[in-house]
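Working notes, structure below.
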Amino acid sequence: MREKSVPPLKGGLTVDTTLPRTIHLVPLDTIDGFDVRPGFYDINGATAIPGGVNFTIYSHGASSIELLLFHREEEEPFAVLPFPQRYRIGNVYSMIVFKLNIEEFEYAYRVDGPYEPEKGKIFDKSKFLLDPYAKAVTGQSEWGATAPRGQHYKARVVKDDFDWGDQAAPLIPMEDLVIYELHVRGFTRDASSGVKHPGTFAGLMEKLPYLKKLGVNAIELMPIFEFDEMQDYREVDGQKLYNYWGYSTVSFFAPNTSYAAETEFNREGTELKKLILDCHRQGIEVYLDVVFNHTAEGNERGPFFSFKGFDNNIYYLLTPDGKYYNFSGCGNTLNCNHPIVHQMIMNCLRYWVTTYRVDGFRFDLASILGRNEDGSPMIKPPLLQAMAFDPILGDVKLIAEAWDAGGLYQVGSFPSWNRWAEWNGRYRDDMRRYLKGDEGAAQGAALRLTGSWDIYGQAGRKDASVNFITCHDGFTLWDLFSYNEKHNLKNGWNNTDGANDNNSWNCGAEGRSGDPGINALRRRMCRNAFALLMCSRGIPMFLAGDEFSNTQFGNNNAYCQDNITSWLDWTLLEKNQDMFLFFQHMIRFRKAHRVLRANISDGCWGQPDVSFYGVNGPCGGYGPHERYVGVLYTGGERGVGPEAVYVASNAWWEELSVRLPDLPVSAGWTLAVDTWEEGAPSKGQHVSGGFTIRPRSVMVFVGR
């Protein structure tokens, strides 16, 4: 049968009648020697398509936009392609450039428009601008070797053909998580790590068997979005200081290429994908610490490389006279609930979930995500609500740092829709005060141990509390019991940076000590802290290296320390093997006793699900002078039967005689944990009636 002739479609599209579903794109114009035509307006960024590359960019206030093409590592473009006005729909410019090989060019934009700083409009056609949707950023591939200041950022087109196979995400229930926070570079950068590719995604991959052995099932990576480690670079007393932590985003869609062991031209992110795939094979989830509260462009004195040039008055919260609000403490604040920024953030999260299979996000200074365009807190922030109900994010863990640098503190009141969890800053503070024996701290500790129901229970928020005693921001666990004061002089700010209210205790000597008694007490205090963390309702999180007493030498704000101050010293793992074994044991213990993690019934043996005990038996609460807290968890589930776990903690400096909770005649108590002893506990001993708890120690009993 003869094919019927089909005329060209309007706009230059033709249909191949032998392949009814194939559409051939034909050029309409020639610009600077390249054949071009209008592109796909709903595909943001630069995307390789058959025959060329589709470039889509938008700006509300621009009068014109130019696409700049560069040869790799060249500073001046070899082609400048202005978008014809007829290639614009609404505020979106889209153009297909034919016969472009993605391996042979990098790209940026120039944008023209009004210059009215008092209105927040600062368009400058002389600036080369980075695509906000760039999937890879040039000039960052080698750590610390960025070109001199003033270099513009450029982007590359990424080919995504990674094969995830049939590996499914772990989808670990919130109650079963044990989160391990780490810095990709610092985790393996020191030679003591023994990996082939130190300081990289590949180096972290080499350590996955270690993490599996430790027992954690989720890793939270400090920022891995592209950032400039040379931002605020300086030298202090001969020491090079960088933007090491990375909490200053350059590009939200691009992984930090300096974290890759090898240069991945046009395949950026492959090593990270391999890491995530390997984690999933090991049953470990991967969360990203994301920074949507500000960007690396800073305030009026900061650099001008992307968002300022596309729509400064849309991307940032501005005062009525065009200045930058600074609720982030970093110079600017992203205007998260503006529809354009809202859309970008949602697209970004979906991208990381679909393209990288990320399992969760921890949002830095998340309270900013709930601020209105005038900076005021919103009751139902559209962005946070959209994240809570987005179908693509349906299985993703959402964790908020529920405060910001502008004074908004929302622990317990963060807009959640029963979907968001929170870093529980009150858990950290109350537990630290109790552990070091502060007067009046027992009642707060009891509430934190039992799930902070006073904070989250009234709102019916399940799995809302992420419990932590240490994190990247502050002392390590060892330093928490080695220093009364911060020691941040090496940061170059005369020890004025970092928190002053650490609730730490040096156990009798500031810093390193040769006193065996002091060191034994410090080790016991670390065991106390971790034992209580693992016996608390809520989601536990701890800092990488705490399991072998890693130290930052008293620095509680090591954001700029790309050296042994922040790098893990893996020689301590062998030296402090007893501490590692204790951490390993407590993680296993938590996993073995679901009654510690969740309310699995209304209790058993006539006891409620959770109850408080003093040294002489049940109590309704704790007075200001008490330093003993006992918590009884009971419950039963099919296949396990009735079970009780009694957590006894003595924050006093003298031993105490304690009465055990009563059990039925057919049941008995077994001692499972005693932090007075070094290392992992030996086989448990049966105990009845009562026991003696030594000074500053924790004991845990199991009743069956």
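The values are calculated or read from the model by the stated rules, or taken from the named source; none is laboratory data. Just so you know, these numbers come straight off a predicted model, no measurement behind them. Ideal geometry is used to build each Cβ from the backbone, glycine not excepted, and the neighbour counts take in all protein chains shown. We work out accessible area using only protein heavy atoms, side chains counted, and drop any ligands, DNA or RNA first. Shrake-Rupley method; radii C 1.70, N 1.55, O 1.52, S 1.80 Å.
Its residue count N sets the reference 2.2 N^0.38 Å, and the alpha-carbon radius of gyration of the chain equals 1.06 times that reference.
Computed from Cα positions, the angle between helix 425-435 and the longest principal axis of the chain comes to roughly 30 degrees. Between amide H atoms placed 1.01 Å from N, distances below 5 Å from residue 249 occur with 296, all of them 5 or more places distant or on a separate chain.
Once you charge only the Cβ atoms, +1 for Lys and Arg and -1 for Asp and Glu, what is the size of the charge dipole of the chain about its Cα centre, to the nearest 20 debye? Write down the numbers at each step before the final one.
Values: 70 positive and 86 negative charges, 286 e Å.
The dipole magnitude comes to about 1380 debye.
Along the axis of the charge dipole computed for the chain (Cβ charges of +1 for Lys and Arg, -1 for Asp and Glu, origin at the Cα centre), the listed residues 205, 48, 688 are led at the positive end by 688.
When a/c is below 1.5 the answer is rounded, else prolate if a/b is larger than b/c, else oblate, so apply that to segment 551-603 with a ≥ b ≥ c taken from the square roots of the Cα gyration tensor eigenvalues. Let's see the in-between values first.
Values: a/c = 4.76, a/b = 2.07, b/c = 2.30.
Cα axes put segment 551-603 in the oblate bin.
Around the Cα centre of segment 34-144, unit charges on the Cβ atoms of Lys, Arg, Asp and Glu (plus for the first two, minus for the last two) sum to a dipole of about 540 debye.
Accessible area per residue (1.4 Å probe, heavy atoms of protein chains only) ranks 632, 489 as 489, 632, with the largest value leading.
Restricting attention to segment 167-321, close to 45% of DSSP beta bridges with both partner residues there are antiparallel.
Dipole of the chain computed with +1 at Lys/Arg Cβ and -1 at Asp/Glu Cβ about the Cα centre; of 100, 396, 144, farthest Cα towards the positive end is 396. Projected onto planes of every orientation and averaged, the convex hull of the alpha-carbon atoms in segment 234-385 covers 11.6 nm².
Calculate the dipole size of segment 490-559 relative to its Cα centre from +1 charges on Lys and Arg beta carbons and -1 charges on Asp and Glu beta carbons; express the result in debye to the nearest 20. Write out the running numbers ahead of the final one.
Values: 7 positive and 6 negative charges, 50 e Å.
Dipole about the Cα centre, nearest 20: 240 debye.
Pairs of alpha-carbon atoms within less than 8 angstrom and 6+ residues apart define the contacts here; what relative contact order does segment 65-153 have, in percent?
Numbers: 111 pairs, mean separation 21.5, N = 89.
Reported as a whole number, the value is 24 percent.
For residue 380, a cut-off of 24 angstrom between C-alpha atoms picks up these lysines, skipping any fewer than 8 places away in its own chain: 397, 462.
Roughly what % of DSSP beta bridges within the chain run antiparallel, to the nearest 5?
Working: 84 of 111 bridges.
Among the beta bridges of the chain, antiparallel pairing accounts for roughly 75 percent.
Between residue 390 and residue 519, what's the calculated FRET efficiency when r is the beta-carbon distance and R0 is 60 Å? Round to 0.05.
Numbers: r = 50 Å, r/R0 = 0.83.
Given R0 = 60 Å and the Cβ-Cβ separation, E is 0.75.
What's the angle, to the nearest 10 degrees (0 to 90), between helix 577-592's Cα axis and the longest principal axis of the chain? Approximately 90 degrees, to the nearest ten.
Distance distribution note for segment 172-251: the fraction of Cα pairs above 15 angstrom is 65%.
For residue 495 and residue 704, calculate 0.36 nm times their separation in residues minus their Cα-Cα distance, and state this gained length in nm to one decimal.
On the way: separation 209, 0.36 × 209 = 75.24 nm, distance 5.26 nm.
Length difference between fully extended and current span is 70.0 nm.
Between residue 665 and residue 625, the modelled labels are 4.1 nm apart [label points 7 Å from Cα along Cα→Cβ]. When its C-alpha radius of gyration is set against 2.2 N^0.38 Å (N residues), segment 236-298 gives a value of 1.39.
Suppose the chain between residue 459 and residue 413 were pulled fully straight at 0.36 nm per residue; how much longer would it get relative to their current alpha carbon spacing?
On the way: separation 46, 0.36 × 46 = 16.56 nm, distance 0.89 nm.
Extra length available between residue 459 and residue 413 comes to 15.7 nm.
For segment 221-228, putting each phi into the Karplus relation 6.51 cos²θ - 1.76 cosθ + 1.60 with θ = phi - 60° gives couplings of 8, 4, x, 10, 5, 4, 9, 9 Hz, in residue order, rounded to whole numbers and with x for Gly and Pro.
Per-residue counts of other Cβ atoms within 10 Å, averaged by peptide: what ranking do you get for 112-119, 182-189, highest first? Walk me through the numbers on the way to the answer.
Values: 112-119: 14.0, 182-189: 25.4.
The peptides rank, most packed first, as 182-189, 112-119.
Quote the FRET efficiency, to the nearest 0.05, computed for residue 688 versus residue 653 with a Förster distance R0 of 30 Å and r equal to the Cβ-Cβ distance. Can you show the working numbers first?
Values: r = 27 Å, r/R0 = 0.91.
Using R0 = 30 Å, I get an efficiency of 0.65.
Computed from the C-alpha gyration tensor, the three semi-axes of the ellipsoid equivalent to segment 203-244 are 31, 13, 8 Å, from longest to shortest. The overall shape of segment 362-503 is oblate: from the C-alpha gyration tensor, with semi-axes ordered a ≥ b ≥ c, the ratio a/c is 1.5 or greater and a/b is no larger than b/c.
Computed on the Cα atoms alone, the convex hull of segment 436-563 gives a volume of 129 cubic angstrom per residue.
Multiplying the sequence separation of residue 72 and residue 405 by 0.36 nm and subtracting their Cα-Cα distance, what value in nm do you get? Please report the intermediate quantities before stating the final value.
Details: separation 333, 0.36 × 333 = 119.88 nm, distance 3.96 nm.
Length gained between residue 72 and residue 405: 115.9 nm.
Which pairs in the list 240/273; 135/273; 125/154 are over 24 Å apart, alpha-carbon to alpha-carbon? Beyond 24 Å between Cα atoms: 240/273. Report summary: the helix-based calculation at 222 nm, which adds -39500 (n - 2.57) for every DSSP H run with n ≥ 4 and divides by the residues of the chain, gives -5500 deg cm²/dmol. What the phi angles of segment 528-543 give under the Karplus curve with 6.51, -1.76 and 1.60, with θ = phi - 60°, is a coupling list of 4, 4, 6, 4, 5, 4, 6, 9, 9, 5, x, 9, x, 9, 9, 8 Hz, glycine and proline written as x. Normalising the average separation of contacting C-alpha pairs (under 8 angstrom, six or more residues apart) by the number of residues puts the relative contact order of the chain at 10 percent. Mean separation of Cα pairs under 8 Å and 6 or more residues apart, divided by the residue count, gives segment 504-654 a relative contact order of 17 percent.
Can you give the FRET efficiency to the nearest 0.05 for residue 266 and residue 512, using r as the Cβ-Cβ distance and R₀ = 51 Å? Walk me through the numbers on the way to the answer.
On the way: r = 49 Å, r/R0 = 0.96.
So the FRET efficiency works out to roughly 0.55.
List the residues of segment 311-344 whose backbone N lies under 12 Å from a point placed 7 Å from the Cα of residue 118 along the Cα-to-Cβ direction. 321-322, by backbone N distance to the label point. Since only 665, 675, 558 are under comparison, the one whose Cα sits farthest along the positive direction of the charge dipole of the chain, derived from C-beta charges on Lys, Arg, Asp and Glu, is 665.
Translational diffusion of segment 585-699 was estimated from the Stokes-Einstein equation, with Rh taken as the Kirkwood radius over Cα pairs; at 4 °C and 1.567 mPa s the coefficient is 87 µm²/s.
How would you classify segment 67-124 from its alpha-carbon gyration tensor, with a ≥ b ≥ c the square roots of the eigenvalues: rounded for a/c under 1.5, else prolate if a/b is greater than b/c, otherwise oblate? In terms of gyration-tensor shape, oblate. Proximity of backbone amide H atoms, modeled 1.01 Å from N, is registered between residue 465 and 422, 539 at under 5 Å, excluding neighbours fewer than 5 places apart on the same chain.
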